[in-house]
Amino acid sequence: MDEKIIIKIESIENDLVQLKGDIEKGKAKKWFSNPSILISTVALMASLFFSIISLKTQYEEKREASFNEKVSNIEENIEKLIEEEKYFASFLTNENLNDNTKYYNEILWNAKSNLLLDKISKDYNEQTAILIDPNLLLQFGRNLQMTGRNELAKDVFHKALDSSKDYTTKLVAYRFLAQIYAIPSDFQDSVKSRDFRRQDIQTAKNKLHGEFAWQSISRSFELWAIDEFTLLKNYKYGNMLIDSALYYNSLFSDLNNQKQINQERLASMLIFNSNRFSKSLFKENWIAELISDGITGEAKITKNSNGIYLNINFFENMVLTKKYSGNGYFSSNDEMIFDVTKAYLGSSFGNKDLKKDYGVLKFKFNNKSFASGYYFQFGEVVEKIIIY
């Protein structure tokens, strides 16, 4: 307590002792009729009252200052956390750095982020949460979730949603809450998770307009589908959600370059998470037949960082004569489309210059073990290929 306040209290106590002595020396029953004593008593009580009020005011001011300092510390440390994450991300995307350097920076980032999260968590409570920018709360919660502190992250996401008056911030909060309730844990709740997904989509429909709305809704359906595929294990429902995402993506203008990229990614997700085809689709060699030339070969379909990769080799007299290769995607549950390079050499691969042309190869799966395909150039069918 402040030294001046202590001195003031001691002074009041001394005055009270003095007054008590004066009363005891005189006539106690008539002290109130003595004007000088009465005035002294009233003055002393008033002094005591206003001193108490002053003490309370000073205490509240100190408490408010301490409280504001906690809020400032939280916001400052969250901003530091964001900057540290950006700095770490710059290392990950730097192609000039080797893996050892990136690994060292990852360790450093984990140490720094956990230290900052501990500092923020120490000052975070029901009262401070109310005064923190909801967007900063979302960043705090996201980092908590990444480090496995899901219980506190859930609380932070709820606080961000409750305090936000900006519908775009609410959209993000709905998505974070939907995912955290889908994650296997003591509080996993598929009903709550799906309810937050629906609120996200409904808010976007009510508040957003045009392609911005379609983009947000398509992305919301995609994120929801990912939860169903990976966390809630409802593949049929997930595929239905991808169909919805594809629909809203189809509303984009054809001039929007993102439309085709989204189409390929979303369509690929349909087949990856469907029980219709065997996983051996990506593991075993297929027999391939080039119908126009009457020759056979082998085909292999694999998954890589760019999506799905196709490689078909055709042979004549055990000599490689034609080769189709390229990346592709699933355009529906039973159709695959590849942008391919076709390389061919006649009948002697080793003795003639390699020739190439480019086209599109579309495969239609009649079942999980047979597909017929057509090779297109400039929109015209050039060759038919079957794989089985």
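Odds and ends about this structure:
- Within the range 333-356, if we keep just the residues that are of a type in the set (D, E, K, R) and either in contact with a helix residue (DSSP H, G or I) (Cβ under 6 Å, 6 or more places away or on another chain) or part of a loop (DSSP other than H, G, I, E, B) (or both), the residue that is modelled with the highest pLDDT turns out to be ASP334.
- Note on the range 120-134: among residues that are within 22 Å of the chain's Cα centre (by Cα) and of a type outside the set (Val, Ile, Thr), the one that is surrounded by the most Cβ atoms within 10 Å (Cβ to Cβ) is TYR124.
- When the range 85-107 is filtered for residues that are basic (Lys, Arg) and under 20 Å from the mean Cα position of the chain (by Cα), only LYS86 remains.
- Count of residues meeting criterion [of a type in the set (D, E, K, R) and within 18 Å of the chain's Cα centre (by Cα)] in the range 167-188: 2
- Being modelled with pLDDT under 85, surrounded by 15 or more Cβ atoms within 10 Å (Cβ to Cβ) and either over 21 Å from ILE261 (Cβ atoms) or among the aromatic types (Phe, Trp, Tyr) (or both) is a description that applies to PHE330.
- SER292 vs. criteria within 22 Å of PHE378 (Cα to Cα), loosely packed, with under 13 Cβ neighbours inside 10 Å and either in contact with a Ser or Thr (Cβ under 9 Å, 6 or more places away or on another chain) or at pLDDT 80 or above (or both): yes
- Hits in the range 273-289 - residues which are within 19 Å of GLY326 (Cα to Cα), buried (at least 17 other Cβ atoms within 10 Å of the Cβ) and modelled with pLDDT under 85: LEU281
The values are calculated or read from the model by the stated rules, or taken from the named source; none is laboratory data. Note that the structure is predicted; figures quoted are calculated from it, not measured. Using ideal geometry, Cβ is built from the backbone for each residue, glycine included, and neighbour counts are taken over all protein chains shown.
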